[in-house]
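Inspection log for the structure reproduced underneath, given as structure tokens.
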Amino acid sequence: MAGFQLRRLGTLMAPEPGNAMEVEGVLNPAGVRGPDGAYYLFPRMVAKGNYSRIGIARVKFSEAGDPVGVERLGIALEPEADYELRPGGGGCEDPRVSYGEDLKLFVMTYTALGPEGPRIALAVSKDLFHWRRLGLATFRPYDGLNFDGVDNKDASIFPVAIPDPEGKPAMAILHRPLFPGTRPEEIVLAPAARVMDLHRESIWISYCPLDDLGEEPYHLSRFTLHSRLASPAAPWEQLKMGGGTPPVMSRHGWLIIYHGVCDSGEATTGAPKLCYSAGALVLPRKHPRHVRYRSPEPLLTPELPEERMGMVANVVFPTAIDRRDDLGMPDRFDVYYGMADDRIGVARLDVPEVLPPDTLVDPSIVW
């Protein structure tokens, strides 16, 4: 039985010659359909010294409908807030964008590299060109676990309200806190018999009840309830699993293309080398705090020279996804991903009519 099929379409965006804002790479873009129906990317543009801005570009398509290039349109976010600046630099990094249907606003989550380290920040827009910052995300403690004050990144927002653990409609965010000792670079050096800390090595869903939002969206950055979603299980994600593309609805439920990290086995001396791959996660339509399916094997691993050699070797890093309803193909998705922290690639994802037999299904869940 055929499963999810992810086929490369090519390199979409590379550092522009002579552009000082991209001298250290253009990578890990957000993406969303705009009010005009065009598809817009928000790439991380890295200047000298790892100083990052979030740009905006319009995707160009071939006659067959495949993405083939971009038109650069300027800057969406420049580091300005105190939580985006640090001595010697700072940055706005690795955004994701969803259209919040309940809010009637585009919502951007991004990594703010400030004085305390990487943190999740949010901004909203009506037109994709003018963004209003909401500040850093804050999280109420859960079961002795304090998410605030911990490095955190690769977050994304569900485009519609979903039920929180109490059954109330809420805006929800996916995130993977980087608690001390849980970075891939740290885990790979741990003893082989170590015991995984499920609370500290998992993707989480955190909720902001709609009743808490009020007239202004500022409260969207305050998350008060939490559910642990998924922990590393397969060998290709043994060192870490973390966020990827924002959730989009597919025929099988909420679809997320996430990243997993393993030891590449290529190191001969010094620290081990890591390998970042991409897989699929499907959550039930009605109760997305459960997992309906996850990839036993990666859908995309670093193979091309552009994926194996760059600012960080052996990285494919999915961050944006576009359901191609415009082509009359709702089961086709375009996945945009970072290539070795240097440039941007795009691949075509075809969703199977039936989930593969290795589906993880809880029959008690109404999906």
Q | Of all residues in segment 20-38 being loosely packed, with under 13 Cβ neighbours inside 10 Å and in a loop (DSSP other than H, G, I, E, B), the one that is farthest from the chain's Cα centre (by Cα) | A | Asp36
Q. Across segment 309-325, which residue is surrounded by the fewest Cβ atoms within 10 Å (Cβ to Cβ) among those that are outside any loop (DSSP other than H, G, I, E, B) and not acidic (Asp, Glu)?
A. Arg323
Q) Inside segment 39-52, can you point out the residues that are part of a loop (DSSP other than H, G, I, E, B) and buried (at least 24 other Cβ atoms within 10 Å of the Cβ)? A) none
Q: Mind counting the residues in segment 22-64 that are among the charged types (D, E, K, R) and free of Cβ contacts under 8 Å to residues at least 12 places away in the same chain?
A: 3
Q.
Considering only residues that are of a type in the set (A, V, I, L, M) and either over 22 Å from the mean Cα position of the chain (by Cα) or at pLDDT below 95 (or both), which ones fall in segment 69-84?
A. Leu73, Ala81
(Q) Just to verify a result, which residue in segment 157-207, among those that are under 17 Å from the mean Cα position of the chain (by Cα) and of a type in the set (S, T, N, Q), is surrounded by the fewest Cβ atoms within 10 Å (Cβ to Cβ)? (A) Ser202
Q) Tally time: how many residues in segment 226-263 are under 15 Å from Pro177 (Cβ atoms) and of a type in the set (A, V, I, L, M)? A) 3
Q. Do we find a residue being at positive phi and assigned to a strand (DSSP E or B) anywhere in segment 107-122?
A. yes
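Only one residue in Glu71, Glu80 is exposed (fewer than 14 other Cβ atoms within 10 Å of the Cβ) and either assigned to a loop (DSSP other than H, G, I, E, B) or of a type in the set (A, V, I, L, M) (or both), so which one is that?
Glu80
Here's the yes/no breakdown for (1) surrounded by fewer than 20 Cβ atoms within 10 Å (Cβ to Cβ); (2) in a helix (DSSP H, G or I); (3) out of contact with any Cys (no Cβ under 8 Å at 6 or more places or on another chain):
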residue: Met249; (1), (2), (3): yes, no, yes
residue: Ile257; (1), (2), (3): no, no, yes
residue: Gly260; (1), (2), (3): no, no, yes
residue: Cys275; (1), (2), (3): no, no, no
residue: His287; (1), (2), (3): yes, no, yes
residue: Pro302; (1), (2), (3): no, no, no
residue: Glu307; (1), (2), (3): no, yes, yes
residue: Ile344; (1), (2), (3): no, no, yes
residue: Leu349; (1), (2), (3): no, no, yes
Q. Which pairs have Cβ atoms under 7 Å, sit 6 or more apart or on different chains, and link a residue in segment 289-314 that is within 16 Å of Leu255 (Cβ to Cβ) to one that is assigned to a helix (DSSP H, G or I)?
A. Pro298/Trp236
Q: Output the residues belonging to segment 2-59 that are basic (Lys, Arg) and touching a Ser or Thr at 6+ places or on another chain (Cβ under 8 Å).
A: Arg44
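Residues Tyr336, Tyr258: which one is over 30 Å from Glu63 (Cβ atoms) and of a type in the set (Ser, Thr, Tyr)?
Tyr258
The values are calculated or read from the model by the stated rules, or taken from the named source; none is laboratory data. On a predicted model such as this, the values are computed, not experimentally measured, just so you know. In this analysis, Cβ positions are derived from the backbone assuming ideal geometry, glycine residues included, and neighbour counts consider all displayed protein chains.
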